[in-house]
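Working notes for the structure below.
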Amino acid sequence: MLEHCEQLLKTLIGLDIEAIGRSALERALRERLEALQLGQAAYGALLEGSAAEQQALVEAIVVPETWFFRYPEAFALLAERARALRAQRGALQPVRILSLPCSTGEEPYSIAMCLLDAGFSAVELRVDAVDVSLRALDAAATARYGANAFRSADLGFRERYFRADGSSHVLCDAVRGVVNFRPGNLLDASFALGAAGYDFVFCRNLLIYFDRATQMQALARLERWLAPEGLLFVGPAEAGMIRQQGLPALERAQSFAFARRAAAMAPASAPVPAWPVARPAVAAGPTPRAVAPPRRAFAPAMATPSVPAADPAAQTGLAQIERLADSGRTAEALAACARHLQSFGPSAALFYWWGLLCDGERRVADAEGYYRKALYLEPRHPEALAHLAALLAARGDQSGARRLQQRLKPEGGRHAGP
Ligand SMILES: C[S@@+](CC[C@H](N)C(=O)[O-])C[C@H]1O[C@@H](n2cnc3c(N)ncnc32)[C@H](O)[C@@H]1O
């Protein structure tokens, strides 16, 4: 039965169960059997012929983990790039953005708030938001959010765009009106999004759940939806793979933004990209990023290095690991982690990177172990907390994830966010 469900979920939404662990599937299946009061055999028969039950299983397994202004550097880049586009082509042509997967709406609403803050009016924007989970889309439509959606240090946006209602916050209509939600499956060949390309596509924290072949298939679709000069934003654990596929990365630390391959191959007469892009990893090796780049993206907390600042060799070693990871040279980055441990001993920053690398390889148990080591050394390491919480949530340990998220909150001291 488990194998059958595993296969079905792979076919339906591309889920590679290795990415979240079999226990997550066991939990989802248990949930469905209990809800329907059915045994495995009867459930198998139902599942076979019922699209509604297939959707229910999808709802039980998907990971809706998200929050407002997740990876803030991406939003800073979005605002800059959108302004440049408007200057180039005028305000009549709206800036088009796709958020897929949008989950419960925090990402597309963040996009809308970011661009409203950047001086755009609603008519100058078109934000399309897509997710395979109808439950998540329902939540997005109500636009009512609890504390978990607000994990950032700067909550100014909440003051500007939400009203408090009991323990929740409700988003204002001005932002809600900018975002068009619709159900859709990235891997469904019949799912279409219209002809005109998007200037920005956010596909963050979805490819991580696919196997390599499915990632390639998904990436090809995403690129087709991008305008020639468009940008693709992915999650940190996905960036290495995207680089490996030859998409040029924007030289903006922690934005995880990429240009289209076609744009990289454009003739010399094509317009010069507004941002410098790193050469594709497959062709060019390590990117020319500065040694030990400032880690502003996740949180002010990152300004506090986990490795003693006084040890420049250790910092250089970490920067090397980051460069290798960013270039998609995962095996070399992992080897560099082991060498770093031998040379400089344990540090939260090292274990965080080690965890992230394992995460990208979908070695979930190893990733978890390294994130935990990072947190042992630095209990409020923001990225380790966020990534470990996401891992726990993915395998159904919601209370474990919530405990970690508590630590990310402003009242918890140091925290992640913009
Ligand atoms: C971890 S959330 C990511 C949300 C947001 N992009 C972020 O990074 O915060 C993953 C979302 O992917 C959705 N999803 C899973 N498979 C999908 C598919 N094949 N097509 C579209 N959405 C999918 C899930 O329903 C879930 O809401």
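If you go through region 362-412 and keep only what is at pLDDT below 80, open to solvent by 40 Å² or more (accessible area, probe 1.4 Å) and part of a loop (DSSP other than H, G, I, E, B), you end up with Arg362, Arg395.
Residues that are assigned to a strand (DSSP E or B) and among the acidic types (Asp, Glu) were ranked within region 113-140; the one that is farthest from Val58 (Cα to Cα) is Asp128. Considering Gly49, Gly105, Gly90, Gly44, the condition of being more than 28 Å from Glu238 (Cα to Cα) and in contact (Cβ under 8 Å) with a residue 40 or more places away in the chain is satisfied by Gly44 alone. Among the residues of region 63-76, those that are of a type outside the set (Gly, Ala, Ser), open to solvent by 10 Å² or more (accessible area, probe 1.4 Å) and either away from the ligand (no atom under 16 Å from the Cβ) or part of a helix (DSSP H, G or I) (or both) comprise Pro72, Glu73. Being modelled with pLDDT under 85 and under 21 Å from the mean Cα position of the chain (by Cα) is a property that Ser306 lacks.
Residues checked against (1) within 13 Å of the ligand (Cβ to nearest atom); (2) outside the structural domain of Pro382 (by TED's automatic domain parsing); (3) part of a helix (DSSP H, G or I); (4) surrounded by fewer than 23 Cβ atoms within 10 Å (Cβ to Cβ):
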site	(1), (2), (3), (4)
Gln7	no, yes, yes, yes
Leu46	no, yes, yes, yes
Leu78	no, yes, yes, no
Ala84	no, yes, yes, yes
Ile97	yes, yes, no, no
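Take the conditions closer than 23 Å to Leu408 by Cα and modelled with pLDDT of 95 or more and apply them to Phe75. Does it pass?
For Phe75, the condition - closer than 23 Å to Leu408 by Cα and modelled with pLDDT of 95 or more - is met.
Going through (1) of a type in the set (Ser, Thr, Tyr); (2) more than 24 Å from Arg86 (Cβ to Cβ); (3) more than 13 Å from the ligand (Cβ to nearest atom); (4) surrounded by 13 or more Cβ atoms within 10 Å (Cβ to Cβ) one by one, Ser133 falls short only on (3).
The values are calculated or read from the model by the stated rules, or taken from the named source; none is laboratory data. This is a predicted model, so every value here is computed, not measured. All Cβ positions, glycine included, derive from the backbone under ideal geometry; neighbour counts span all protein chains shown. Only protein heavy atoms, including side chains, enter the accessible area calculation; ligands, DNA and RNA are left aside. Shrake-Rupley method; radii C 1.70, N 1.55, O 1.52, S 1.80 Å.
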